[in-house]
Amino acid sequence: MSATAAAERFDNHWNYAEEVEVLTFDLNGETFALEAVIVQEILDLLPETAVPGSQPFVASVINFRGKVIPLADLRLAFGMEAAEATIDSRIIVIEIDLQGEQTLVGLRTDKVNEVTTLAKSASEAPPSVGMRWRADYINCLVKRGGEFIILPNLQAIFSSRRDAAGAAN
């Protein structure tokens, strides 16, 4: 990805605002955040139904208010090892635009932390080298206190996973 494209994606993520309200959550000891406006609900773990032949990243579905929705494990998208659920594990149900269609997706998390406001001035695009994850999977990093909060690029994650599934068929 060119520096210009990365800068444009970075600015678009903030919708040219100076602050964004987010829900923070943990995965494998890292803190991630999603824009609060896409969060529909936070759930305790629910029974999952495995989907034969699906990608490991979205290997099951759950019943959310009578609708069957995919349950994604961002750990696997970021190359982390799958982990057993704990008492703090939660599912964040989000609604995102995938290929022009509003889609409900559940995201498995280790722990949901808080709703907070992040400042654009404390954020930066992911570095192009030295990252252990794909740079296009990260919209930006926001420094807060002594840690970085990772804002994932869900469009890139779900698009590349769908493309990979289509290529495998």
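The values are calculated or read from the model by the stated rules, or taken from the named source; none is laboratory data. This structure is a prediction, so every number in the text was calculated from the model and none was measured. Because the Cβ atoms are built from the backbone with ideal geometry, glycine has one as well, and the counts that use them run over all protein chains shown. Each accessible area value is taken on the protein alone, full model and side chains, heavy atoms only, with ligands, DNA and RNA left out. Shrake-Rupley method; radii C 1.70, N 1.55, O 1.52, S 1.80 Å.
Fraction of C-alpha pairs exceeding 21 angstrom in segment 1-157: 46 percent, rounded to a whole number.
If you take all other residues with their beta carbon under 9 Å from the beta carbon of I91, and give Lys and Arg +1 and Asp and Glu -1, the sum is 0. By the rule of a C-alpha distance below 20 Å, with chain neighbours fewer than 8 residues away ignored, the aspartates and glutamates paired with K67 are E41, D44, E48, E95, D97, E101. Accessible area per residue for segment 1-157, computed on protein heavy atoms with a 1.4 Å probe, is 53 Å². With a Förster radius of 22 Å applied to the C-beta separation of V68 and L98, the computed FRET efficiency comes to 0.90.
Using a probe of 1.4 Å on the protein chains alone, the accessible area found for E18 is around 120 Å². Accessible area per residue was computed with a 1.4 Å probe on protein heavy atoms; E124 scores about 100 Å².
Could you work out the relative contact order of segment 1-157? I mean the mean sequence separation of Cα pairs under 8 Å and 6+ apart, divided by the number of residues, in percent. RCO, segment 1-157: 27 percent.
Hey, can you grab everything whose amide H is under 5 Å from the amide H of Q40? Only 5+ residues off in sequence or another chain; H modelled, so Pro and N-termini drop out. Counting only residues 5 or more places away or on other chains, the set is V93, I94, E95.
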